[in-house]
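Inspection log for the structure reproduced underneath, given as structure tokens.
The values are calculated or read from the model by the stated rules, or taken from the named source; none is laboratory data. Only a predicted model underlies this, so the values are computations on that prediction, with no experimental measurement involved. Reconstructed Cβ throughout: ideal geometry from the backbone, glycine too, with neighbour counts over all protein chains shown.
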């Protein structure tokens, strides 16, 4: 039975909301957005024909507020709701609430969401159907003692996983018995915060396996197909970093076997719409069912590129009662596609989330090399209230190596400046020997991170970036603080937090010679058309993208490195470097405060836990001492820079 859609409300934010809203407008459908207070000026709001406020910044009071979203749909006369991914996309109660109001839910039936939403229930259901599972345990006895006992029987290393989880949330890898109790506590806490359910299951950890998932699609007429696989093995802490299609480890025979298994999984729960069946592939080519995501995946664009399809369009067709546009026999991949997730985070500082105002970001600059899906442009604010992903960059080429090269070029041509991102890390990872060889497994990034290897190895600040900053800051109208004569002076700078004194000799209004350390460079500005800068460095013409942040910091994007350079202020607050003061590194929620006044602490002790952008951060003592004062409580929000805990350090008393 067909039912037309003339207007759609997108119950999400960011790039997926922008994607669906643009599709709707291109099909002459009325496109309706919802937004929280933090997103009142966001791109998805600007893209919509209509937009409705649904609550405060906290997701629990806005994007997870079923009543508010249904009310917005009714008030605007929406025929359908597209949930995007994350938030309420896999919430059976939300799907039922839509049906109760005669609103089309562009997603699977609530029964399928329920069957796959509880990982333990899903495993039990599919194991009875003969689907191959990773060895593990799931059950009702969630006592610490039972879980510890089950862990011993499974053997280490293993995974603790939230049964209601997804996206790596509520998941912890445990390497030994000594780590189990703390990892269980942490996994439960995160699962409770993210999904409202702290129930967990245990799985044997296959350390050097590959994460390979199969795209499935089903309609209401009994047709279920698989659309190839995606390899998501490049991940850190179970969070995907790079996705590609097809997988370098899958041949035609294995592709057919995994696809057939994925279809069996979907049919076992009466699935309808877009879904993904995730498998773990071991070194011997044996695959095990992990879970099914009952929604469109973040990484769906690589499937679209390789198979020449629009999966969002298919979602609308199926939701309106139509049949799938193709049959299984006509589906075959061509070429190679790779997607990276651009995050506002610092990979060299434990992937710490970042926030702030974007000084420059022009996605159109990279569109010749890559496709960019994003919800941000210049001037938008990245908030710690939501996920840290700010864009997806996707390349497509006839072969894998060309796709890698195009993706690196796209990342280089569209830097996001003003907010630190993982762009440079992604370029180094893509260009690494291991990734180019298609040999990255799910354990590699975490192992490299622990050892400071590969893309995690620190690199010195390029002298070119310091020279660019010096020629701009030394210009007559730049207001640089100078010592010595007008033409020759020392310019103190901070480059990515490192202090460097630059001796500047002016050769003209826009030409200088700079000396610092062992380096000496001559640089002349040729053309400045902000944010693009052309200059001659030591006789060679070069280009950079330069934008000034709200605090005066220059953000300089070279081809493979973004550097933040500033003139240090004599009045800068040094409290962040004071070991006696524990400062909130970013804005976020305090999950736990583990100490009280009078407690003795040692360097490395976890004093508090903070959550921002779906990441839990441990705030530790920098030195031994006694807790002098606690200025925050568990459950409250804290702005970045807030003083949380004060210590009286050992030896500080007279």
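Right, residue 500: touching a residue at least 24 places away in the same chain (Cβ under 8 Å), under 24 Å from residue 568 (Cα atoms), surrounded by 14 or more Cβ atoms within 10 Å (Cβ to Cβ) and over 33 Å from the mean Cα position of the chain (by Cα) or not? Judged against the criteria, residue 500 is not a match.
Among what's in segment 437-457 and is touching a residue at least 12 places away in the same chain (Cβ under 8 Å) and not in a loop (DSSP other than H, G, I, E, B), pick the residue that is surrounded by the most Cβ atoms within 10 Å (Cβ to Cβ). Per the stated criteria, the residue is 445. All conditions but one from (1) touching a helix residue (DSSP H, G or I) at 6+ places or on another chain (Cβ under 7 Å); (2) under 26 Å from residue 213 (Cα atoms) apply to residue 148; the one that does not is (2). Among residues belonging to segment 332-352 that are more than 30 Å from residue 588 (Cα to Cα) and at pLDDT below 95, point out the one that is surrounded by the fewest Cβ atoms within 10 Å (Cβ to Cβ). Result: 332. Go through segment 1-73 and tell me which strands (runs of 3 or more DSSP E), entirely inside it, have 1 or more residues that are free of Cβ contacts under 8 Å to residues at least 40 places away in the same chain and either over 19 Å from residue 86 (Cα atoms) or in the same structural domain as residue 92 (by TED's automatic domain parsing) (or both). Strands (runs of 3 or more DSSP E) meeting the threshold: 30-36, 50-55. Scan segment 303-312 and give yes if some residue there is in contact (Cβ under 8 Å) with a residue 12 or more places away in the chain, in contact with a strand residue (DSSP E or B) (Cβ under 8 Å, 6 or more places away or on another chain) and closer than 26 Å to residue 161 by Cα, otherwise no. No, segment 303-312 has no match at all.
For segment 345-363, how many residues are in a loop (DSSP other than H, G, I, E, B) and closer than 20 Å to residue 556 by Cα?
Here the count works out to 6.
Under the condition of being outside any strand (DSSP E or B), on the phi < 0 side of the Ramachandran plot and surrounded by fewer than 21 Cβ atoms within 10 Å (Cβ to Cβ), the residues counted in segment 210-250 number 6. Within segment 280-297, the set of residues being in contact with a helix residue (DSSP H, G or I) (Cβ under 8 Å, 6 or more places away or on another chain), more than 20 Å from residue 201 (Cα to Cα) and surrounded by fewer than 24 Cβ atoms within 10 Å (Cβ to Cβ) comprises 285 only. Looking only at residues in segment 364-388 that are assigned to a strand (DSSP E or B) and more than 20 Å from residue 304 (Cα to Cα), the one that is nearest to the chain's Cα centre (by Cα) is 382.
Restricting to segment 534-553, name every residue that is within 32 Å of the chain's Cα centre (by Cα), closer than 21 Å to residue 493 by Cα and surrounded by 13 or more Cβ atoms within 10 Å (Cβ to Cβ). Correct list: 544, 545, 546, 547, 548, 549, 553. The residues listed here are 308, 275, 270; of these, the one that is crowded, with 23+ Cβ neighbours inside 10 Å and over 21 Å from residue 251 (Cβ atoms) is 275. Of note, residue 277 does not satisfy the criterion of being farther than 21 Å from residue 159 by Cβ and either touching a helix residue (DSSP H, G or I) at 6+ places or on another chain (Cβ under 7 Å) or in contact (Cβ under 8 Å) with a residue 60 or more places away in the chain (or both).
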